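Following: one structure in structure tokens, then a few remarks.
Derivation of every value follows stated rules applied to the coordinates shown; laboratory data play no part. Computed from a predicted structure; not experimentally measured. A quick note on method: Cβ atoms are made from the backbone with ideal geometry, for glycine too, and the neighbour counts reach across all protein chains shown.
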Amino acid sequence: MDKNCHILCQLLMKDCKDPSLSSKLDEIWKKAYDEGRFHLLVGIIYHRTKHTCVMALTDRTLINTLVHECHDSVTAGHLSEDRTLERVKTCSWWPNWKGNVAEYCQTCERCQKANRDSGKKFGMMIPIKEQNPLGK
């Protein structure tokens, strides 16, 4: 179990007697804890924002699996970076999640091959002269 996860579990339990534990959290976790964004429910830590409450992830393997499922899986279909961010946002949170998802999408080999630049430049726009359909 991750250090931050272990400390958060202790802090969020009702019988926690040591308020100095929060100083042992990494800075980004401490900030969110101080803002009251974490909740413990049935042994799972949730991160709450204004509109959502999603699972807080600490395990790197779990994070990589989730991003893979939200971007590479058959149901995801190699979505754009923005759409992958939206999918991840609906189910989980971890520090620097946006940066991790952006990096994953930008380094996805399949996306890079499919979206490569063809080298052709777009032509200049030429206005179409209005034709009078009735001959007036």
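Here is the link list: Lys50/Lys113; Lys31/Lys98; Lys30/Lys50; Lys98/Lys121. Which ones come out longer than 27 Å on Cα distance?
Working: Lys50/Lys113 38 Å; Lys31/Lys98 17 Å; Lys30/Lys50 18 Å; Lys98/Lys121 32 Å.
Distance filter (> 27 Å) returns Lys50/Lys113; Lys98/Lys121.
Note on the chain: with charges restricted to the Cβ of Lys and Arg (+1) and Asp and Glu (-1), its dipole about the Cα centre is near 500 debye. Counted over region 3-47 with a bin width of 10 Å, the fraction of Cα pairs per bin, in whole percents, is 28, 65, 7. Place +1 on the Cβ of every Lys and Arg and -1 on the Cβ of every Asp and Glu in the chain, take the dipole about the Cα centre, and give the residue among Ser23, Ile126, Asn100 whose Cα lies farthest towards its positive end. My answer, from the dipole projection, is Ile126. Dipole size of region 3-47 about its Cα centre, with +1 on Lys/Arg Cβ and -1 on Asp/Glu Cβ: approximately 60 debye, rounded to the nearest 20. Can you give me the C-alpha center-to-center distance between region 63-93 and region 27-46, rounded to a whole angstrom? Rounded to whole Å, the Cα centres lie 23 Å apart. Building the convex hull from the alpha-carbon atoms of the chain and averaging its projection over directions returns 15.2 nm².
Find the eigenvalues of the gyration tensor of the Cα atoms of region 60-114, then list the square roots of 5 times those eigenvalues as equivalent ellipsoid semi-axes, largest first, in whole angstrom. Intermediate results must be reported in sequence, preceding the final value.
Working: eigenvalues 56, 27, 21 Å².
For region 60-114, the ellipsoid semi-axes come out as 17, 12, 10 Å.
Share of pairwise Cα-Cα distances greater than 15 Å in region 14-77 is 65 percent (whole percent).
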